[in-house]
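Note sheet for the following structure.
The values are calculated or read from the model by the stated rules, or taken from the named source; none is laboratory data. These figures come from a predicted structure and were not determined experimentally. A quick note on method: Cβ atoms are made from the backbone with ideal geometry, for glycine too, and the neighbour counts reach across all protein chains shown. Remember, those area values only see protein heavy atoms, side chains included, never the ligands or the DNA or RNA. Shrake-Rupley method; radii C 1.70, N 1.55, O 1.52, S 1.80 Å.
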Amino acid sequence: MENTVDLKQFIVPTESLRWVCSEDMFPFECTTDVEPLKEFIGQERALGSINFGLEVERSGYNLFLTGLTGTGRASTIKSRLERFIEERRAKGVQYQAYDWCYVYNFLYPDQPRILKLPQGLGKSFANDMEELLKKIREEIPKTFGSEEYNKMKQDVMAGHQTKYQEALDALDKDASEKGLMVQVSSMGAAVVPMADGKPLVREDFLKFPEEERQKIEAKRIEIMRKVEDTYSYLRELERETGEKMKEIDLKAGEIALSRPFEEIARKYEQYPDIANFIKEVRQYTLSKLELFMQSATPQPPGVYAPQADSFAAYKINVFVDNDAISGPPIIIEPNPNWFNVFGRIERKAYLGTYASDHTMIKAGAVQMANCGYLILNMRDVLMNQGVWEGLKRLIRTKEVRVEDPWEQMGFMAPQGMKPQPMPVDLKIIVMGDDYIYQLLMQYDEDFWEMFKVKADFDSQMERTDENVKSYTCFIRNCCDAEKLLPFDRSGVARVLEHAVRASGHQERLSARFGQMKDMLVESDYWARTAGSEVIMGEHVERAVREKIHRLDLIAEHILKMIKEGTLMVDVTGSVAGQVNGLAVFDLGIFSFGRPNRITAKTFLGRRGVINIERESQMSGSIHDKGVLILSGYLGSKYAQDKPLSLSASICFEQSYSGVEGDSASSTELYAILSSLSDLPVRQNIAVTGSVNQKGEVQPIGGANQKIEGFFDVCKAKGLTGDQGVMIPHQNIRHLMLREDVVKAVRDGQFHIYSVKTIDEGIGVLTGVAAGERQADGKYPEGTVNNMVDLRLREYAELMKGYQTDAVR
């Protein structure tokens, strides 16, 4: 018949259904004959961006690495940094490392000072200060316990006692000569009259004549003045004696400290910061000599030493010790909370509260990476409160403060300290997906100024001979690193085929090396289970099958429900207005396809295409857009000479979890055209593909899973030899079907069709040609478009008549 469509012209050749890796292309027997991979493969763009970011040593040129998990971002940046450092060293670029130490601040004890020391000097300085403390704790008690020291103090005390007694004796003598006595009590000194060598009581004193009492009172007042003068003299004498005792202690202290401090001062005289600190320590020691005398005195039973460290001022906190490194540090922080990134101030319980000092300040990843590179995961950074803002502040100020995060949140920290900030100069490298990058670019105005270099890691790479060779080297690397059995040529071939399927394109390989490594490990397991000495293709295929089996429980249940008829899907016969669409269920690391019955009902009206999923709020925006495009196609195709008087309802039957995507838009259009033309659609052919308003069928994702899903259903219900799947012609290059599907196609039990337009597709599904518009604007009689056009013209006439009757 003239309008009959020949399906053979749309069949995809068997050789196009899958790329087969020939074992003959490998010039080796197994991977032990292959050189290990030296260069990272498949990420030339990302490597170029990384090199640029590392070379530019300017503010804000930090790196943001984007890409899917498993594309090798972490391993690539670490290995590239190591190579970059080696290249700079080969060019003669010298790296100067420093140690950083927190020391006691004698002026402001709650604000510890930080010292920048040459590499390796921090630990030595701390040990020397410990030794210094040990020496002065020995020397001071020894000096203060010497006979010479005791004699000097005794002489001063003896002189003091002599003068003290002489002053009191002179006062007593003056008072006695005037018939008075000086009485000393806790309330002070009092002058009282005497009679017969005894103090005169008040009653006897009042018996004296008035004149006599006045004379005695005058004498008493005179002696009281002398008492005040004498006691003033005694207080001055006490002060002078105290000063002399201090001078003796200070002189003894100088003698005790001279040798230990001269030794350490001489050792560090070329380092001004250390020399100044040693001078401050010496002055502090001279002011705290009694501390060393107390520490030398044994504690009586039952008396415990205080918990606070009395000698903390002599201890050096080697905050960052770079003694063991030979180049710029590379720090990867897996848990970037505030303390791990910026350091912490530790505390210990003391006398019912919490105390801290400079020795309890601990470094974070930023301090450890100073003058080097810090690598963080951006998602983890954003999930930890305050860390992102802290990083931005660090980049702006080029210094890092060790502080309590709760103080920034308005909470009071127990015994807060404010250590001196540490100057930093480092390159920050963060990893995250592109979505996070775009969000930060849009909503954080500071972001672009601080991370000016973006390195995109692709999830796939071109399947060139060079990349195939590099992939075999990657397999060799994994075997060495994970202690795997070697792969023979068949095993390598199957791995490459799996890499092509994982990429979703026949001409590309997957660059998600993390997932590929997992497959290699699992293949090794099945090879060892089989007792093989090498990993062959059959072991790789079993690893793939077993992994799918571990993950496809839901797919298996759905297949059983279709086979039982619970989920209604026809794979034989023809029905008007009903098409088998194909959907993909994505479960994360596993996805599978399943057919879904799509139906359309058309009737007179002006509502256009009604999306039942949208009306029930079960569809996403992309799916809604795909349905709206159908109205544009129908209008441009059939409503050029008449109004489009149509209402059409579209439904995904037995869909209870929502629909998203436009890959079923062509399927929905086929159902509408079938309903309008009343031509039955073949149920043995499932359909996928999106459509534009011009009627061109557009490529979709998940083509392999969709084809395999319908094949499994047909196989479960019984292959008839005329079943198949119709896909957009652009998806041919994406095909990497399972071996059993390819075999069924080769044996004529299953078919894959490709179409470019809706006209071609409706012809395949109905067996009737769509028909081209003729010069008179009509379609050839008996074609699909002619039948649709006639039905729409009939609807328009009926609608016109209905409106006329309504007006009457």
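Listing for the model above:
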| quantity | calculated |
| --- | --- |
| Yes/no for Met799 being open to solvent by less than 30 Å² (accessible area, probe 1.4 Å) and either over 30 Å from Leu644 (Cα atoms) or touching a residue at least 12 places away in the same chain (Cβ under 8 Å) (or both) | yes |
| Flag if Pro112 is more than 30 Å from Asp273 (Cβ to Cβ) and either within 60 Å of the chain's Cα centre (by Cα) or at pLDDT 85 or above (or both) | no |
| Scope segment 716-739; condition out of contact with any strand residue (DSSP E or B) (no Cβ under 7 Å at 6 or more places or on another chain) and either under 21 Å from Val681 (Cβ atoms) or without any contact (Cβ under 8 Å) to a residue 24 or more places away in the chain (or both); matching residues | Lys717, Gly718, Thr720, Gly721, Asp722, Asn731 |
| Hits in segment 1-10 - residues which are outside any helix (DSSP H, G or I) and surrounded by fewer than 14 Cβ atoms within 10 Å (Cβ to Cβ) | Met1, Glu2, Thr4, Asp6 |
| Listing of strands (runs of 3 or more DSSP E) fully contained in segment 645-754 that carry 1 or more residues being open to solvent by 40 Å² or more (accessible area, probe 1.4 Å) | 680-682 |
| Among residues of segment 480-521, those that are farther than 17 Å from Thr31 by Cα and open to solvent by 20 Å² or more (accessible area, probe 1.4 Å), counted | 12 |
| Residues of segment 287-309 classified as under 17 Å from Glu130 (Cβ atoms) and either at pLDDT below 80 or open to solvent by 60 Å² or more (accessible area, probe 1.4 Å) (or both), total | 2 |
| Entirely in segment 312-392, the strands (runs of 3 or more DSSP E) that have 3 or more residues that are touching a residue at least 24 places away in the same chain (Cβ under 8 Å) and closer than 22 Å to Lys116 by Cα | 317-320 |
| Boolean, Val103 is touching a strand residue (DSSP E or B) at 6+ places or on another chain (Cβ under 8 Å) and crowded, with 17+ Cβ neighbours inside 10 Å | yes |
| Flag if Gly92 is on the phi > 0 side of the Ramachandran plot and touching an Asp or Glu at 6+ places or on another chain (Cβ under 6 Å) | no |
| Check on Lys427, under 20 Å from the mean Cα position of the chain (by Cα) and surrounded by fewer than 17 Cβ atoms within 10 Å (Cβ to Cβ) | no |
| Residues that are crowded, with 23+ Cβ neighbours inside 10 Å and in a loop (DSSP other than H, G, I, E, B), drawn from segment 572-614 | Gly577 |
| Pairs, first under 14 Å from Glu522 (Cβ atoms) in segment 479-501, second part of a helix (DSSP H, G or I) and of a type in the set (S, T, N, Q), C-beta under 7 Å, six or more apart | Cys479/Thr31; Phe487/Thr31; Gly491/Ser523 |
| Residue match in segment 615-629 (condition: in a strand (DSSP E or B), open to solvent by 20 Å² or more (accessible area, probe 1.4 Å), touching a Gly at 6+ places or on another chain (Cβ under 7 Å) and small (Gly, Ala, Ser)) | yes |
| Hits in segment 19-58 - residues which are open to solvent by less than 70 Å² (accessible area, probe 1.4 Å), assigned to a loop (DSSP other than H, G, I, E, B) and closer than 29 Å to Lys452 by Cα | Phe40, Ile41, Gly42, Gln43, Val56 |
| Thr397 under 23 Å from Tyr108 (Cβ atoms) and either aromatic (Phe, Trp, Tyr) or in contact with a strand residue (DSSP E or B) (Cβ under 7 Å, 6 or more places away or on another chain) (or both) | no |
| Complete set of residues in segment 68-122 that are hydrophobic (A, V, I, L, M, F, W, C), without any contact (Cβ under 8 Å) to a residue 40 or more places away in the chain and not in a loop (DSSP other than H, G, I, E, B) | Phe84, Ala90 |
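Here is a yes/no grid of residues against (1) over 20 Å from Phe311 (Cβ atoms); (2) among the hydroxyl-bearing types (Ser, Thr, Tyr); (3) open to solvent by 100 Å² or more (accessible area, probe 1.4 Å):
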{"position": "Ile216", "(1), (2), (3)": "yes, no, no"}
{"position": "Glu222", "(1), (2), (3)": "yes, no, no"}
{"position": "Val227", "(1), (2), (3)": "yes, no, no"}
{"position": "Glu238", "(1), (2), (3)": "yes, no, no"}
{"position": "Glu243", "(1), (2), (3)": "yes, no, no"}
{"position": "Lys246", "(1), (2), (3)": "yes, no, yes"}
{"position": "Ala252", "(1), (2), (3)": "no, no, no"}
{"position": "Glu280", "(1), (2), (3)": "no, no, no"}
{"position": "Thr285", "(1), (2), (3)": "no, yes, no"}
